[in-house]
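*Asks:* Sending over a structure as structure tokens; questions will come in a sec.
Just so you know, all these numbers are worked out from the coordinates, no wet-lab data involved. Predicted, not measured: the structure shown is a model, and the values here were computed from it. Heads up, the Cβs are rebuilt from the backbone with ideal geometry, glycines too, and the neighbour counts pull from every protein chain shown.
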Amino acid sequence: MSAVQVAEIETTQNTRTFRHVLNVIVRDPLSLVSTIVLVLFILIAIFAYQVAPSPEEGAGKTNVSNTMLAPSVEHLFGTDRLGRDMLSRVIMGARPALIIPIGVVAFAILLGAPLGAIAGYKGGWIDEVIMRITDLFLAFPSLLLAMAIVMALGRGLQSAAVALVISWWPWYTRLVRGVTISLRQRYFVEAAQAIGVSDWVIILRHILPNTISPILVQATVDMGTVILAMGGLAFLGLGTQPPNPDWGLMVSDGRTYILNQWWIATFPGMAIFIVVLAFNMLGDTLRDIFDPRQYR
Amino acid sequence: MYSVVNFQTMRKLEFALRRLLSSIFVLIGVSIIAFFLARVVPSNAAALYIGPKARPEDIARVEKQLGLDKPLPVQYAIYMRELLHGDLGISIGSKRPVLQELTGRLPATLELLATAMIFAILLGVPLGVLSARAQGKWPDMFVRTASIVGVSMPAFYLGLLLQILFFRNLDLFPLAGRVSNDLRFTNPVEQITNFILLDSFLTGNWVAFKDAALHLVLPSLTLAAYPIGLIARMTRAAMLEVLEQDYIRTARAYGIRDQVVTYLYALKNAISPTLTVIGLTVAFALTGTFYVEVIFNWPGLGLFTVRSLLNLDYPAIMGITLFGATGYVLINLIVDVLQAWIDPRVSLR
């Protein structure tokens, strides 16, 4: 195969990914619906103060004259034990429950991906050291590690987010290392090496940009798990602290009243389920297009 | 022929030994991480060890006791010495040794976990096979939808929904707990192994057996939802790969019955990737017990963990972390070795 042919294949592969992904999503009804649902939820989270019927109650202000009202026209999702409008609480709760996990995954990638690229490109003892460290972190069940970290840092949303970043980055290190090893033998990397480009520039300019697609696929697949973990930490009282709104915390609040005031736990729980389902369905489609696990 | 068998067994033993060694290294690393989380990261580890009501003189005493005034490597050595003697410290909440607290609660959690995994395998594997055989048709669609719903459902939410449906609306299963409260007086279970099902079975206490079994259904179903989804999915994928291979077509061409081909010839080769997933889901279900035990007031390790977390019971949490990580590493080790035994190709990697 001539160098020109190789270059052609490589460019078509690169342009293929983004347009191809978009095409598949638009054609597959389930992925399309999932994408729309996710965009909607993210917009609601961003504009929570504008969308919520009662932003103050959503943020935690109590209203003791309205406690435990069943869903009605004024309060679509009912009210909780402190009289707060549950619809507003669910809308405001999207911020810690949905936006923070997106941040967690982003930071895990920022931490994990460069380490993976270094390990895969340099090889040798550097690779060995980095990979043994990831082995250690992956030896813990991730939720248990996160709990122990929260314990060391003190309870709260911030600690929970930091804890999840610390327990998630090794997955991206492994993924990017695999991709890097397969990229290292490609002609464009060899060409860069031949004209004397330094290792750091090769990693930054030539390797990392080519790992973005598999990283994005893996990130979509992981989002559901991270949202569940974040909601779980809040449910157990380790994440967001009251009176701040958070889906997991609201499910925990409503648990006491589940047999009579079913709506308090039902709507926030439903919100977690829908968002996780949408991420998982989208992740499935993306994974079918190209499987990031093939590099592991 | 004889030498080939010997060679293969050697390979497998060597693989098992290699995995065992690397597991030991990982466990040493795990202890270092736990040590850092317990003694180095917190700004006042001694105060945390005593609990919220620490007085300055207590803090000074515990600092000496924990050796916090000594250099880090020495501190780690002391910590490891205690660990190897099974000393995980004293629980702040109960004032009893942490190890004793953990081993006392282990049977309740294992009972729950084992029942959930039995549900998961008995439902997940056949569903995956069914789905693969009907690829593209409605049973396949149904199984795929159910499995993605299963892995997307938060355990702490599913548990509540099951309580509403099966306790409040249908009154089929009890709300929470391991046995009914009045059972302690009417049909007390003799404690032999602390596995209530096993104990009541051994002593022929059928009233208690039935009661305990009914109490197990909802929590273990909640815990099984994720594993069912994952196992069904992996079995489906593995079956699809195997079903299109030549030897399956040959078997079909010979006129061997479809059931025999599917369950004997194909499933045998599809079971190896499924086994990995089962190992993985055991670990996942282990963390699921935190939620499930809280929701169903199940007196096991998960409930103890959450209580300890909320009471800032530091020694207990560190004990649980080490305990959990060790269990996780062991499960992975067992699965890897088991897989190498079933599929000789694994040990050649």
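*Asks:* Give the residues of the stretch B:51-73 whose amide nitrogen is closer than 18 Å to a point set 7 Å from the Cα of B:D87 in the direction of its Cβ.
*Replies:* Those under the cut-off are B:61-71, B:73.
*Asks:* Dipole of chain A (Lys/Arg Cβ +1, Asp/Glu Cβ -1, origin at the Cα centre): which of A:T266, A:P96, A:V251 lies farthest to the positive side?
*Replies:* The listed residue farthest towards the positive side: A:P96.
*Asks:* With r defined as the distance between the Cβ atoms of B:I334 and A:F47 and R0 fixed at 45 Å, what FRET efficiency is calculated, to the nearest 0.05? Walk me through the numbers on the way to the answer.
*Replies:* Values: r = 50 Å, r/R0 = 1.12.
Efficiency at R0 = 45 Å is approximately 0.35.
*Asks:* Let me confirm the definition first: pairs of Lys residues in the protein assembly as shown, 8 or more apart or on different chains, C-alpha distance under 29 Å. How many are there?
*Replies:* On the way: B:K12/B:K268; B:K53/B:K64; B:K53/B:K70; B:K53/B:K95; B:K64/B:K95; B:K70/B:K95; B:K137/B:K268.
So the count of such lysine pairs works out to 7.
*Asks:* Additional query: Where nothing but the Cβ of Lys and Arg (+1) and of Asp and Glu (-1) is charged, how large is the charge dipole of the protein assembly as shown around its Cα centre, in debye to the nearest 20?
*Replies:* Working: 50 positive and 42 negative charges, 145 e Å.
Taking the Cα centre of the protein assembly as shown as origin, the dipole is about 700 debye.
*Asks:* Let me ask something additional. Just going by the charge dipole of the protein assembly as shown, with Lys and Arg at +1 and Asp and Glu at -1 on Cβ, which of B:A16, B:N44, B:N194 is farthest out on the positive end?
*Replies:* B:A16
*Asks:* How many angstrom lie between the Cα centre of the stretch A:228-275 and the Cα centre of the stretch B:58-82?
*Replies:* So the two Cα centres are separated by 40 Å.
*Asks:* Using unit Cβ charges (K, R positive; D, E negative) and no other charged atoms, how large, in debye to the nearest 20, is the dipole of the stretch A:58-186 about its Cα centre?
*Replies:* On the way: 12 positive and 6 negative charges, 46 e Å.
That gives the stretch A:58-186 a dipole magnitude of about 220 debye.
*Asks:* Helix check for chain A. Which DSSP H runs span at least 18 Å along their own axis by Cα, with a mean Kyte-Doolittle hydropathy no less than 1.0?
*Replies:* Working: long enough: A:3-27 (35 Å, -0.01); A:29-46 (26 Å, 2.79); A:100-122 (33 Å, 1.72); A:124-138 (21 Å, 0.87); A:157-184 (39 Å, 0.70); A:212-235 (33 Å, 1.56); A:263-289 (39 Å, 1.32).
What comes out of the filter, once short or polar helices are dropped, is A:29-46, A:100-122, A:212-235, A:263-289.
*Asks:* Give me a single rounded figure for A:132-143: the average over its residues of other chain Cβ atoms within 10 Å of their Cβ. Let's see the in-between values first.
*Replies:* Numbers: counts 4, 1, 0, 4, 9, 3, 3, 12, 12, 13, 3, 7.
For this peptide, the per-residue mean of nearby foreign Cβ atoms is 6.
*Asks:* Per 0.36 nm of contour for each residue apart, how much would the distance between B:Q245 and B:D258 grow if the chain were fully extended, relative to their Cα-Cα spacing?
*Replies:* Working: separation 13, 0.36 × 13 = 4.68 nm, distance 1.49 nm.
Length gained, B:Q245 through B:D258: 3.2 nm.
*Asks:* Out of B:V26, B:I320, A:I109, whose Cα points farthest toward the positive end of the dipole of the protein assembly as shown (charges: +1 Lys, Arg; -1 Asp, Glu; placed on Cβ)?
*Replies:* B:V26
*Asks:* Explain nothing, just the number: relative contact order of chain A, from Cα pairs under 8 Å at least 6 residues apart, as a whole percent.
*Replies:* On the way: 440 pairs, mean separation 66.2, N = 296.
Averaging sequence separation for qualifying contacts and normalising by length gives 22 percent for chain A.
*Asks:* So, one more: Please tell me the relative contact order of chain B in percent, rounded to the nearest whole number, where contacts are Cα pairs under 8 Å and at least six residues apart. If you can, show how the numbers build up before the last one.
*Replies:* Details: 398 pairs, mean separation 95.9, N = 349.
After rounding, I find 27 percent.
*Asks:* Continuing with the same structure: For the stretch A:149-296, what is the relative contact order in percent, using Cα pairs closer than 8 Å and at least 6 residues apart in sequence? Can you show the working numbers first?
*Replies:* Details: 146 pairs, mean separation 41.5, N = 148.
Reported relative contact order: 28 percent.
*Asks:* For the stretch B:1-159, just say rounded, prolate or oblate: build the C-alpha gyration tensor, square-root its eigenvalues into a ≥ b ≥ c, call rounded for a/c under 1.5, and beyond that prolate if a/b exceeds b/c, oblate if not.
*Replies:* On the way: a/c = 3.05, a/b = 1.63, b/c = 1.87.
Oblate shape, in that a/c is at least 1.5 and b/c is the bigger or equal ratio.
*Asks:* Please build a GNM for chain B, connecting alpha carbons under 10 Å apart, and tell me which residue among B:A283, B:A60, B:A46 fluctuates the most.
*Replies:* B:A60
*Asks:* Report, in whole Å, the centroid distance computed from the Cα atoms of the stretch B:85-140 and the stretch B:23-47.
*Replies:* Comparing the Cα centres of the stretch B:85-140 and the stretch B:23-47, I get a distance of 26 Å.
*Asks:* Nothing charged except the Cβ atoms of Lys and Arg (+1) and of Asp and Glu (-1): what's the magnitude of the dipole of the stretch B:1-91 about its Cα centre? Round to the nearest 20 debye.
*Replies:* Working: 11 positive and 7 negative charges, 59 e Å.
It works out to roughly 280 debye.
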